[in-house]
Amino acid sequence: MRALALALLLLAPAVPARALGRADKGTSAAAFLKIPAGARPAAMGDAFGGLADDAHAANYNPAGLAFLEAVEAAATHDSHFQGLNHEYGVLAVPLLSLRDTRLKRNAWGVAAFSVKTLGASDIERRGLVETDAPVGTFGASDVSYALSYGRLVVGGLAAGGTVKLVEQTLDSANGRTAASDAGLLWRGGRVSAGAGWRNLGGKLALGSTAAPLPLTLYAGGSLRPAPGILLAVEVRLPRDDAPRFSAGAELSRKFGTLSAAARAGWNASNREADGFGGFTFGGGVAYGRLGVDFAMLPFGDLGAAYHTTIRIRF
């Protein structure tokens, strides 16, 4: 893992700067990979790469998995705007969870498997002749399967990586490619900081058209200024857009075995929407090891996305 951490530091500057931060909206394939995964990160403006303190680290910064000491699972349903359905599921397992040992359960690292999907059905097919009547329907679906691993390197520094298979289908056309994520995460007391990349891989061809994946470099951090208060920020440099900033906050309270949280954030990636565009809201409740989170992301005239997550720790 020390070699992985060193490789991250050496390879990050090798990503061509001219390929990032450009105003090239709509030029990436598999844009669904940028949709928030999990109601908690979504409600906090997607500012999660420098926090990554639960199973959703598999999507945001796999290095955060290294700090998990219990098996965690989460499943998210997102009623996205315009009739799109987005789902995300993740299972994170410390490798010593099933072994009787005096070592911490995460001493050999933590692995996670996750699936992310976006789909639409009954899309009307129009022919080449002008007509008000559709000539049938078709569907579209995107899916990624990801295997992640994170491990402590030294002190409070962890490194992690993800390999994923990305597939897209549009009517009879389909394509697939491989991609990787990688990150570092440091925690010290009430502060954390992380950096890495997401979606580094080859081009995805849908029929005769090929496009690059939405590669993004990121850096972020979090602060717990007082018990029950959490602040997080993240800066992203995507290949298909200008630099973006996110910020989020969480206020949580415990009442015995019951806990509750209120969350809010701002995501510059959504700021162009009318009304509350850019702002995010949500909350959650937990009883023992079982919790439910929700989030609302307004998109102006397009509507709003509503995320609901069920999570459990074993």
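The values are calculated or read from the model by the stated rules, or taken from the named source; none is laboratory data. This structure is a prediction, so every number in the text was calculated from the model and none was measured. Please note: Cβ atoms are built from the backbone with ideal geometry, for glycine as well, and neighbour counts cover all protein chains shown.
Only one of (1) surrounded by fewer than 16 Cβ atoms within 10 Å (Cβ to Cβ); (2) over 19 Å from residue 63 (Cα atoms) is not met by residue 169, so which one is it?
(1)
Among residues belonging to segment 66-98 that are out of contact with any Gly (no Cβ under 6 Å at 6 or more places or on another chain), within 20 Å of residue 304 (Cα to Cα) and hydroxyl-bearing (Ser, Thr, Tyr), point out the one that is surrounded by the most Cβ atoms within 10 Å (Cβ to Cβ).
88
Just to confirm my filter: which strands (runs of 3 or more DSSP E) fall fully inside segment 237-314 and include at least 1 residues that are closer than 30 Å to residue 215 by Cα and touching a His at 6+ places or on another chain (Cβ under 8 Å)?
On the way: elements: 244-255, 258-267, 279-287, 290-298, 304-313.
By residue number, 279-287, 290-298, 304-313.
Just to be sure, is residue 33 under 21 Å from the mean Cα position of the chain (by Cα) and either within 22 Å of residue 160 (Cα to Cα) or at pLDDT below 85 (or both)? Quick ask: steps written out before the conclusion?
Details: under 21 Å from the mean Cα position of the chain (by Cα): yes; either within 22 Å of residue 160 (Cα to Cα) or at pLDDT below 85 (or both): yes.
Yes, satisfied.
Of all residues in segment 154-179, how many are within 24 Å of residue 208 (Cα to Cα) and assigned to a strand (DSSP E or B)? Let's see the steps before the verdict.
Initial filter on segment 154-179 (within 24 Å of residue 208 (Cα to Cα)): 164-179.
Applying the additional criterion that residues be assigned to a strand (DSSP E or B) yields 164-170, 173-179.
Final tally of qualifying residues: 14.
Output the residues belonging to segment 242-256 that are touching a residue at least 40 places away in the same chain (Cβ under 8 Å), in contact with a strand residue (DSSP E or B) (Cβ under 9 Å, 6 or more places away or on another chain) and more than 16 Å from residue 283 (Cα to Cα).
Within segment 242-256, the subset touching a residue at least 40 places away in the same chain (Cβ under 8 Å) is 242-243, 246-250.
If we keep only those that are in contact with a strand residue (DSSP E or B) (Cβ under 9 Å, 6 or more places away or on another chain) as well, we get 243, 246-250.
Selection gives 243, 246.
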